[in-house]
Amino acid sequence: MHDKTIAELSAALAARELSAVELTQALLDRIEAHNGTLNAFITVTAEQALEQARRADERIAKGEAGALTGIPIAHKDNFCTAGVLTTCASRMLHNFVPPYDATVVARLEEAGVVMLGKTNMDEFAMGSSNETSYYGPVKNPWDTERVPGGSSGGSAAAVAAGLVPGATATDTGGSVRQPAAFCGVSGLKPTYGRVSRYGIVAFASSLDQASVIARSAEDLALLLQAMAGFDERDSTCVDLAVPDYRAGLEQPLDGVRIGLPREYFQDGVEPELAKVIEAAVEEYRRLGAEIKEVSLPHNALAVAAYHVIAPAEASSNLARFDGVRYGYRCENPRDLEDLYMRSRGEGFGTEVKRRLLIGTRALLAEYYQDAFLKAQKIRRLIHNDFIEAFKQVDVLLGPTTGAPAFRLGEKSADPVQMYLTDVFTIAANLAGLPALSLPAGQVDGLPVGMQLIGRHFDEARLLNLAHRFQQATDWHTVRPQNFE
Amino acid sequence: MPLRPDEVETIAHLARLSIDQSLIPEYARDLSAILALVEKMNTVNTDGVEPMVNPLEAVQRLRPDVVTEGDQREAFLAIAPAVEDGLYLVPRVIE
Amino acid sequence: MEWETVIGLEVHAQLMTRSKIFSGASTAYGAAPNTQACAVDLAMPGTLPVLNEEALRMAVKFGLAIGAEIPDRSVFARKNYFYPDLPKGYQISQHDQPVVANGYIEIDLEDGTTKRIGIIRAHLEEDAGKSLHEDFHGLTGIDLHRAGTPLLEIVSAPDLRSAKEAVAYLKKLHSLVTYLEICDGNMQEGSFRCDANVSVRRKGDPCFGTRVELKNINSFRFVERAINYEVERQIDLLESGGQVVQETRLYDADRNETRSMRTKEEATDYRYFPDPDLLPVVITSEFIESVRKTLPELPDAKRDRFMEQYGLSRYDADVLTSTRELADYYEAVVRAAGQDQAKPAANWVMGELSGALNRDGIDITASPVSAEMLAQLLQRIADNTISGRIAKEVFEAMWEGEGSADEIIEKRGLKQITDVAAIEAMIDEVLAAHPKQVEQYKSGQAKLLGYFVGQVMKLSGGKANPAQLNQLLRQKLGSAGE
């Protein structure tokens, strides 16, 4: 049952072919068996999960079940979960048990899901390989010598390995799409403002968006349905009706205009991987879509602008971790200054510190104009590129990454090489657009992700396109050998 | 423009991050490489472009002036590293 | 060498909202430590701010009251610095796009002229918590209770030229924010706080001198003293060939001196940037109009009306309109006593009543002598039931809770003697007892008339009608000899 989708499990639960407790126990057993290898979970909440499963079974028995009742999921460890350790994969929060839930966590619980635990990630979501975690790297289920991608590597690996059918994630610069691509699963970053950020430990406020990973577009639709919508606790969460995502999945693609941004097919894409994407484009042509080349002329500046804006916001967002009210506090501080310097210096890992330093510098009065303000202007140009492109096409398509999953340690010594792995995903965050990565094929036995980017609040279209592709192909059903 | 080790130390102090002295050169090297990456921004003229603070072209929503939060002090103090008499404790603040 | 003082004031007025500026926690004063700090106020990870509409309304109300611009777009920015009473490591404030810009208020100078003081800006921000230093074995205790309370920071132009002007400005501002009911003005509880930027320059010099920021001056008296001390310090320094250093100095009220907190070199770069958790605040003309409808009569307008309607001097009208409560009290007295009592009512409210309130530290709203009681007293003076002097005795008795004016006059037998025969009898008795003085009066010492008035008054127990007494005495004595 571990290889089934949420939609299939939901049907099985409703038909009483399976109980939520059985399902939960089976997956807990799988986690027990494989987490040692994968390191995908930081915390497993077995007892709580079984209790939730029992309640789900009661709801199912009473006929009160919804589509997600009794469905086991995992939360990325930057979602606050009341009474459950929430570490952000950082020593800084190694002991942090929040007394409150993130809005997304509360909504999914309301929808009846069973939480199996909290997934590993890059520390404070800063990373593209999951190697910056205080709890050690996550391994890619397709090849445990390779990274699962990041920052939502734990969620992606857990879903890919069949430890859980779906998981929450976050995406600030590609943190759901890149690991989804590396692990051969589907990942959706909704439009900025579509899902509440309340209770998600902030990395970069204007870029972060709660996201979701699953094995099919249909499952993404089911999970997003429960997560999306207005939250009065988040000023940047919009009050806009949430469409019925599942209802739009089957729409035919006749006449849908798909744009291929020229810049997404140039340097930085391995030829074998480009072939996979080209084949996927052909599939869409067969499904009735019109294919057009478009241009995003400022895309080459996205990584640069991102690595000013994201660390600048982070330098301020992470100032609250000071060893006073929660989290790590250094031993025997000599004075207040020492308390701050050492609690933060010892509590944060190297990559987080690098970003806080870069971000702090970008906001100094001396550099503000040339660094922060300049980056925000480039952000506007990038945003405008998309607005122009969407006058000609409905969806943009390209590779999620230029290459499949790299080896552990391959890029960890060179932050710039690591940053450049996000070259195709960052722009969607800067512009606040919804973007989805789905498996499109393989190169040397490793999954390749295809990215779809849509207009603001047009998640339904992305899900529709992804679903039609998944009906026509079976790349999304291929599972890593050792975890079948 | 490469970052000098002493600049790293100044910024580290502003950000309240203790960094082992022996690692400062390494930080200086990595941060300089990142700054070089970021310099790519200067290849485009942005005169007259309005900075984009937030991708939502929306305005701030207002909250009615209603008290919605009760006393949760015990729950919050329970997760704090050092407390006494309902207060958070820190090394002496000198004014 | 003639020196000129240049002062600009930054006032933090705590806004009287029920909940905090960015969270739903209560702002009530005086609850136990940290009980009113919710997850948002404590900067718990993942929590986010949402702006309180009432705080924005109050800021706009203030802007309208000082004739300021209310830009249609205003932005919240983060001011980044580390301090234990600042949970997020930044304060949400406003930087280059404040909610209120370019207003002014007018102050009265001692020479009777008025002066316009510019208000460069007023912006919304959140308050920090409090550090407590006692009793924690050398550690500091942090109470984040007040964290997130809305503040309006009001920044004056450097238009003030003396400590006295600064105090006049501050009192005017205090009166304005309390009139507007946006701030309770309580300086002891920190609801109305003031920092001053002080510099001196040679008279005629177009450039400003180096300024020093004075902190911790939280009473009108301290403001005047601290500025005067600081001005003298700066002049002494300059005249002895030294230089003023740009710095922040703390006023020590016990020693009446200022001492250095930090110099500019140590000043932090606050790394301001627009808060990405909050979107731009757009203020529509409808919003502004809805706030305008809630504006009360403002102190200056009320003063002008008092001068016009009650025939008061500018000074009297100013004093009586200094707080809304005092003005309301005064108007209630006139309403009950009659328009012809407007002037005596002003004298009594500013004199006996204010004196008693100050003496006993009682707020006018809790005065034991109500406006109606004072009005009755004024009527008894007007209809000659009692003299002004007796009235003071009656007032004291009312203050002590002995009843209304009429009850006290009756109980103590204070009714004025207006019977001509009775007064004449007393005059005769006094004149008979003082033949020598009568002789002197008649030989030209006219000033002895007052002596006789006094004697008769004493004999009457203060109850003889003074006007009648004067008239009858003159008749009896005839004119003083030439």
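Here are a few things to note about the model shown:
- Helical content of chain A, expressed as a calculated mean residue ellipticity at 222 nm, amounts to -11500 deg cm²/dmol (DSSP H runs of 4 or more residues, -39,500 (n - 2.57) each, divided by residue number, nearest 500).
- Largest first, the three principal axis extents of the alpha carbons in chain A are 63, 52, 44 Å in whole numbers.
- Taking every Cα-Cα distance in the stretch C:299-412 and sorting them into 5 Å bins from zero, the calculated P(r) comes out as 2, 12, 25, 24, 19, 11, 5, 1, 0 percent.
- Size of electric dipole in the stretch C:299-412: Cβ of Lys, Arg +1 and of Asp, Glu -1, about Cα centre, debye, nearest 20: 260
- At an R0 of 51 angstrom, the distance between the Cβ atoms of residue C:292 and residue B:47 translates into a FRET efficiency of 0.80.
- Once you reduce the stretch A:353-431 and the stretch C:178-245 to the center of their Cα atoms, the two points are 48 Å from each other.
- B:41, C:16, ranked by accessible area, largest first (probe 1.4 Å): C:16, B:41
- Sequence-distant aspartates and glutamates (8 or more away, or on other chains) whose Cα lies within less than 12 Å of residue A:118: A:77
- Total accessible surface hidden between B and C, rounded to 100 Å², 1.4 Å probe: 3700
- Note on the stretch C:299-412: dipole from Cβ charges, positive end direction compared against C:347, C:409, C:315; the farthest Cα belongs to C:315.
- Inverse mean reciprocal Cα-Cα distance (Kirkwood Rh) of the stretch A:1-98, Å: 14.5
- Residue-count net charge about residue C:406 - beta-carbon cut-off 15 Å; Lys, Arg +1, Asp, Glu -1: -2
- P(r) histogram, all alpha-carbon pairs of chain C included - 20 Å bins from 0, percent: 19, 41, 26, 12, 2
- Computed over protein heavy atoms with a 1.4 angstrom probe, the accessible surface ordering of B:56, A:462, largest first, is B:56, A:462.
- Hypothetical label at residue A:266: residues of the stretch A:413-444 whose amide nitrogen lies under 14 Å (7 Å Cα-Cβ projection): A:424
- Taking all C-alpha pairs of the stretch C:3-290, those more than 36 Å from each other amount to 16 percent.
- Residues whose amide H comes within less than 5 Å of that of residue A:94, counting only those at least five positions distant or on another chain, are A:328 (H built at 1.01 Å from N in the peptide plane).
- Cβ-Cβ FRET estimate between residue C:432 and residue C:406, R0 fixed at 35 Å, reported to 0.05: 0.45
- Accessible surface of chain C [probe 1.4 Å, protein heavy atoms]: carbon and sulfur percent: 48
- Cross-link reach list, lysines versus residue A:292, counting only Cα pairs under 19 Å and skipping chain neighbours closer than eight places: A:275, A:391
- Tail beyond 16 Å, pair distance distribution of the stretch C:34-155 (Cα, percent): 68
- Think of the protein assembly as shown as having a plus end and a minus end, set by charges on the Cβ of Lys, Arg, Asp and Glu; of B:37, A:364, C:296, C:296 sits farthest toward the positive end of this dipole.
- Dipole size of the protein assembly as shown about its Cα centre, with +1 on Lys/Arg Cβ and -1 on Asp/Glu Cβ: approximately 980 debye, rounded to the nearest 20.
- Unit charges at the beta carbon, dipole of chain A: most positive-side option, A:209, A:11, A:56: A:209
- Mean separation of Cα contacts under 8 Å, 6 or more apart, over the residue count of chain A: relative contact order %: 18
- Each part reduced to its alpha carbon centroid, the stretch C:365-431 and the stretch A:237-311 end up 94 Å apart.
- Rg/Rh (Cα only; Kirkwood hydrodynamic radius) as it applies to the stretch C:97-211: 1.05
- All C-alpha to C-alpha distances of chain B, sorted into 5 Å bins beginning at zero, yield P(r) values of 2, 8, 10, 9, 9, 11, 13, 14, 12, 10, 3, 0 percent in whole numbers.
- Two-decimal Rg to Rh for the stretch C:327-482 - Kirkwood Rh, Cα set: 1.09
- For a straight C-alpha distance cut-off of 29 angstrom, the lysines reachable from residue C:415 (same-chain residues fewer than eight places away being disregarded) are C:343, C:392, C:447, C:458, C:463, C:476.
- Estimated at the nearest 10 Å², the accessible area of residue A:381 is 30 Å² with a 1.4 Å probe.
- Within-13-Å neighbourhood charge of residue A:179 [Cβ basis; K, R +1; D, E -1]: +1
- Computed from Cα atoms, the angle from the helix C:466-477 axis to the main principal axis of chain C rounds to 30 degrees.
- Overall dimensions of the stretch C:67-130 by Cα: Rg and Dmax, Å: 16.4, 49
- Computed lengthening from residue B:6 to residue B:57, 0.36 nm per intervening residue step minus Cα-Cα distance: 14.3 nm
- Unit Cα scatterers, Debye sum, the stretch A:165-287: log10 I(q)/I(0) for q = 0.12 Å⁻¹: -0.56
- Rolling a 1.4 Å probe over the protein heavy atoms leaves residue C:398 with an accessible area of roughly 0 Å².
- Taking the centroid of alpha carbons for each part, the stretch A:116-154 and the stretch A:30-67 are 21 Å apart.
- Measuring only protein heavy atoms, the 1.4 Å probe finds residue C:75 accessible over about 30 Å².
- If you sort C:293, C:20 by accessible surface, 1.4 Å probe, largest first, the order is C:293, C:20.
- Dipole in debye (nearest 20) - chain C, about Cα centre, beta carbon charges: Lys, Arg +1; Asp, Glu -1: 700
- One way to sum up the overall shape of the stretch C:420-477 is the equivalent ellipsoid from its Cα gyration tensor, whose semi-axes run 18, 11, 10 Å, largest first.
- Alpha carbon convex hull of the protein assembly as shown, projected area averaged over orientations, nm²: 54.7
- Spin-label zone in the stretch B:1-36 - amide nitrogen under 15 Å from a point set 7 Å from the Cα of residue B:92 along the C-beta vector: none
- Structure-based [θ]222 nm, chain C - -39500 (n - 2.57) summed over DSSP H runs of at least 4, per residue, nearest 500: -11500 deg cm²/dmol
The values are calculated or read from the model by the stated rules, or taken from the named source; none is laboratory data. The model shown is predicted, which means the values in this text are computed figures rather than measured ones. Neighbour counts are summed over all protein chains in view; Cβ atoms, including those assigned to glycine, are modelled from backbone coordinates with ideal geometry. Only protein heavy atoms, including side chains, enter the accessible area calculation; ligands, DNA and RNA are left aside. Shrake-Rupley method; radii C 1.70, N 1.55, O 1.52, S 1.80 Å.
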